[in-house]
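Below you'll find the structure, written out as structure tokens, and then a few comments.
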Amino acid sequence: MNPFSSGTRLRDMIRAIRACKTAAEERAVVRKECAAIRAAINENDQDYRHRNLAKLMFIHMLGYPTHFGQMECLKLIASSGFPEKRIGYLGLMLLLDERQEVLMLVTNSLKQDLNHSNQYIVGLALCALGNICSAEMARDLAPEVERLLQFRDPNIRKKAALCSIRIIKKVPELAENFINPAAALLKEKHHGVLITGVQLCTDLCKVSEDALEYFRKKCTEGLVKTLKDVVNSPYAPEYDIAGITDPFLHIRLLKLLRELGQGDADASECMNDILAQVATKTESNKNAGNAILYECVETIMSIEDNGGLRVLAINILGRFLSNRDNNIRYVALNMLMKAITVDAQAVQRHRATILECVKDSDASIRKRALELVYVLVNESNVKPLTKELIDYLEVSDEEFKGDLTAKICSIVAKFSPEKIWYIDQMLKVLSEAGNFVKDEVWHAVIVVISNASDLHGYTVRALYRALQLSAEQESLVRVAIWCIGEYGDLLVNNVGMIDVEDPITVTESDAVDVIEIAIKHHTSDLTTKAMAMVALLKLSSRFPSCSERIKDIVVQYKGSLVLELQQRSIEMNSIIAKHQNIRSTLVERMPVLDEATFIGKRAGSIQATVSPSAGASINLPNGVAKPTAAPLVDLLDLGSDDVPAPSSSGGDLLHDLLGVDLSTASTQSGVNHAPKNGTNVLLDLLSIGSPTQSSQSVSDMLSSSQDNKTPVSPLEGLSSPSLNSIQPTSSAGAAPVIDLLDGFSSNPPKQENNGTAYPSVVAFESSNLKMVFNFSKLPGNPQTTVIEATFTNLSTNIYSDFIFQAAVPKFLQLHLDPASGNTLPASGNGSITQTLRVTNSQHGKKSLVMRIRIAYKMNNKDVLEEGQISNFPRGL
């Protein structure tokens with residue numbers, strides 16, 4: 001016989017395919033076999049149709065296309081014999097799915113088979129319908145399936161229940177037709193029918209409120225009795241698994257009771273006793289028992305409040321944490337995360353076990369346990385928990401240190417009882433894992449240190465000691481050199497000693513050595529080197545005997561290829577060499593930065609609605625909001641909302657900042673030239689040529705600190721005395737301050753409106769949203785308009801995933817900057833701003849016009865608003 005004729009047996013084809021040594025040989029065998037099957041289909045070969053379809057199913061499982069055999073499935077299903085129908089239905093389930101249009105042709109055959117006198121054929125039809133039923137088929141065949149739920153044979157009732165689950169998921173409105181038949185199945189004695197009936201009731205409760213209420217009133221007591229019978233049933237070999245009678249039925253019953261008890265006190269009270277019985281009688285030494293206990297715990301946590309049961313459930317989870325199986329420990333940690341919101345005190349009793357899970361070898365368990373410990377921390381247990389975590393940090397894996405460090409820092413910042421404890425713990429973290437600490441963390445450490453005036457000496461000595469042991473930790477080095485720069489004199493003189501520390505001998509040269517090592521270390525990045533250079537400048541004033549040595553160190557960077565370091569070196573060398581009369585004033589200790597303000601700004605929680613006296617931005621004419629000052633500028637009161645009067649001069653500002661009387665000469669001559677004198681002193685201070693140069697040229701000369709340099713962390717500015725130019729005050733208002741401390745102000749001053757004030761425009765307003773446009777022009781570029789769009793939420797719902805889009809005609813060019821956020825608070829309690837730049841190539845001839853689209857989510861629903869804007873002010 002030809003091995004690839006249509007009469008080839010399935011086993012022969014499988015043997016031929018397995019004998020292939022390469023993929024190409026396999027494809028050739030399959031190709032020949034498919035050709036033979038196609039020929040048999042074209043010849044309408046009825047003798048081997050079932051065999052051909054069986055071979056097609058095997059070929060399909062190998063991943064080859066078999067669509068040409070789909071109609072053969074329908075022909076076999078339409079035949080009268082059981083063997084043919086069995087292969088036909090099996091092929092139908094494998095080769096087709098509910099999206100195939102061919103499936104509609106089989107509906108009539110299914111209906112006939114569901115009414116067939118042979119129960120095995122009925123079973124085949126139910127099995128196929130339960131696997132590939134579409135919504136249209138469900139509507140057509142639901143009455144037959146509902147009738148079969150009361151069939152005499154339990155196997156048919158079981159399959160009908162499973163098929164009903166598929167139908168109600170596809171067409172939820174049919175659920176009411178199955179409520180009474182499903183309730184009748186709950187009284188079955190046959191476990192196979194009972195377990196499918198329970199699952200059907202569970203799914204009905206999820207899709208229909210009417211079904212949920214019906215089962216609560218009519219079936220809760222019966223389900224409790226059924227579960228009690230199963231729990232107390234004697235040994236039954238046909239259902240026994242690891243000494244437990246039918247654990248699958250246990251779990252299904254518990255899940256259904258959970259649905260019924262959730263949100264209903266009466267139903268919950270009815271099931272309390274049986275839940276306690278399951279929790280106490282089930283053995284936990286086998287996996288089946290653990291599965292039942294887990295479902296029991298989840299049910300107890302979901303139903304209405306019962307304190308004693310919940311404590312029992314949490315104790316079961318505590319036992320799970322001691323299990324050797326990683327899966328059981330993981331699900332226990334997951335459940336404890338949910339339980340802590342319900343009964344935190346009961347979870348706290350298992351704190352020691354949870355801490356041990358943080359040290360587990362399994363990465364998933366470590367991470368989940370760490371999240372749970374983080375939630376467990378409060379004011380009363382923060383010290384022992386933090387000690388345990390820091391001790392483990394010393395021996396933890398490198399890949400876990402990042403997560404562990406972040407959690408420890410957050411715990412210490414949130415629950416610190418006193419500043420000395422905060423400083424001690426953060427120094428331990430910086431010493432052990434400083435390279436894993438994020439920038440905002442060591443920024444916050446510096447802020448706390450600056451506020452703890454009585455601990456300055458203790459802190460700088462502790463940092464000096466730590467630096468001798470952990471010089472490779474970048475964040476520790478940064479905090480240490482900042483503190484040595486600020487409080488180096490306290491380090492040398494042992495000022496501020498407290499009882500818990502031992503005296504330490506540090507000379508001025510030793511302090512400078514630390515900074516020099518840091519600035520020359522090969523692993524130090526730009527931020528560290530820049531901070532070290534500022535610290536050296538400060539030490540040159542605090543340690544006059546080391547001034548020449550410091551100058552030599554600083555001068556080495558005059559030719560640095562890194563522009564930031566080169567600029568700092570030139571400026572600081574000029575200060576050390578030529579301006580010793582003002583150096584001590586210039587490098588005085590930084591003023592204390594308010595912790596609440598720093599934390600609020602870092603978290604973005606300061607709202608624009610706060611009053612000006614509280615540090616909020618105020619509205620200036622033409623709707624232009626003054627930019628929020630960076631923390632450093634706040635320190636110098638340059639970001640204060642008390643805007644100087646127009647008569648204030650640049651000289652007054654420099655006088656206030658440096659403590660230098662700049663107005664003496666002009667006062668003697670009887671003429672007030674304070675702006676000119678202020679500029680002259682600044683030019684002389686930086687050794688930048690004659691006073692006749694304009695302040696703008698000075699600004700241009702130093703603009704590289706903002707335009708060309710690598711960005712440096714804002715907190716570095718806490719110790720930076722580097723100076724840029726100050727522009728003299730114009731008659732139009734207060735003088736804009738050009739970043740006195742090396743460009744560390746996070747927001748540059750905004751451009752003026754080129755002499756023209758444009759009114760604000762309500763560009764778009766609906767019942768939910770309001771958008772206002774504020775306009776300004778770039779100097780010397782009348783074609784370009786800068787538009788600041790402000791979005792305000794008028795509803796009581798929070799908007800998330802906020803996106804603004806705009807389109808303009810071809811004669812306009814549009815550039816959108818990123819928005820300030822993507823979440824819009826409700827009821828106008830905040831706003832989102834976004835800057836647009838529009839260039840009009842037909843300026844003076846055509847006005848601006850724009851189409852907008854605003855998308856956001858409200859209550860997890862997508863909302864889209866559109867509109868056209870043409871009411872722009874004239875002249876844009």
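Quick look at the numbers
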read-out	value
Rounded accessible area of ARG139 (nearest 10 Å², 1.4 Å probe)	130
For the range 365-517, the Rg and Dmax computed from alpha carbons only, in angstrom	15.7, 50
Links that overshoot a 30 Å alpha carbon limit, given the list LYS438/LYS777; LYS281/LYS359; LYS85/LYS170; LYS75/LYS187; LYS419/LYS558; LYS338/LYS407	LYS438/LYS777; LYS281/LYS359; LYS75/LYS187; LYS419/LYS558
The range 334-487, accessible surface, carbon-and-sulfur percent (1.4 angstrom probe)	47
Contour minus Cα-Cα distance for GLN783 and THR835 (0.36 nm per residue)	17.1 nm
Label-point separation in nm, HIS60 to GLN277, each point 7 Å along Cα→Cβ	4.8
Aspartates and glutamates whose Cα lies under 19 Å from that of LYS414, excluding same-chain neighbours fewer than 8 positions away	GLU371, GLU379, GLU388, ASP403, ASP424, ASP439, GLU440, ASP594, GLU595
Around GLN805: net Lys/Arg minus Asp/Glu count, Cβ-Cβ under 12 Å	0
Residue-level accessible surface for LYS286, protein heavy atoms, 1.4 Å, Å²	100
The range 261-415 - percent relative contact order, Cα under 8 Å, separation 6 or more	15
Cα-based equivalent ellipsoid of the range 309-391: semi-axis lengths in Å, sorted from largest, via gyration tensor	18, 17, 10
For the range 442-456, 3J(HN,Hα) per residue [Karplus equation, 6.51 cos²θ - 1.76 cosθ + 1.60, θ = phi - 60°, Hz, x = Gly/Pro]	6, 4, 5, 4, 5, 4, 5, 4, 5, 7, 8, 4, 7, 10, 4
³J(HN,Hα), Karplus 6.51/-1.76/1.60, whole Hz, each residue of the range 180-194, x for Gly, Pro	5, x, 5, 4, 5, 5, 5, 9, 5, 8, 6, 5, x, 5, 4
Accessible area of the range 280-434 divided out per residue, in Å², using a probe of 1.4 angstrom	44
Within the accessible area of the range 775-876 (1.4 Å probe), percent carbon and sulfur	46
Solvent-accessible surface ranking, highest first, for LYS387, LYS428 at 1.4 angstrom	LYS387, LYS428
Accessible surface ranking that places the most exposed of MET93, MET61 first, with a 1.4 angstrom probe	MET61, MET93
Along each principal axis, Cα extent of the range 759-858, largest first, Å	43, 24, 22
Accessible area (Å², per residue) of the range 439-522, counting only protein heavy atoms and a probe of 1.4 Å	38
Within the accessible area of the range 89-211 (1.4 Å probe), percent carbon and sulfur	47
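The values are calculated or read from the model by the stated rules, or taken from the named source; none is laboratory data. All values derive from a computational prediction rather than experimental measurement. We place every Cβ from the backbone using ideal geometry, glycine too, and count neighbours over all the protein chains shown. Note: areas computed on protein heavy atoms with side chains; ligands, DNA, RNA excluded. Shrake-Rupley method; radii C 1.70, N 1.55, O 1.52, S 1.80 Å.
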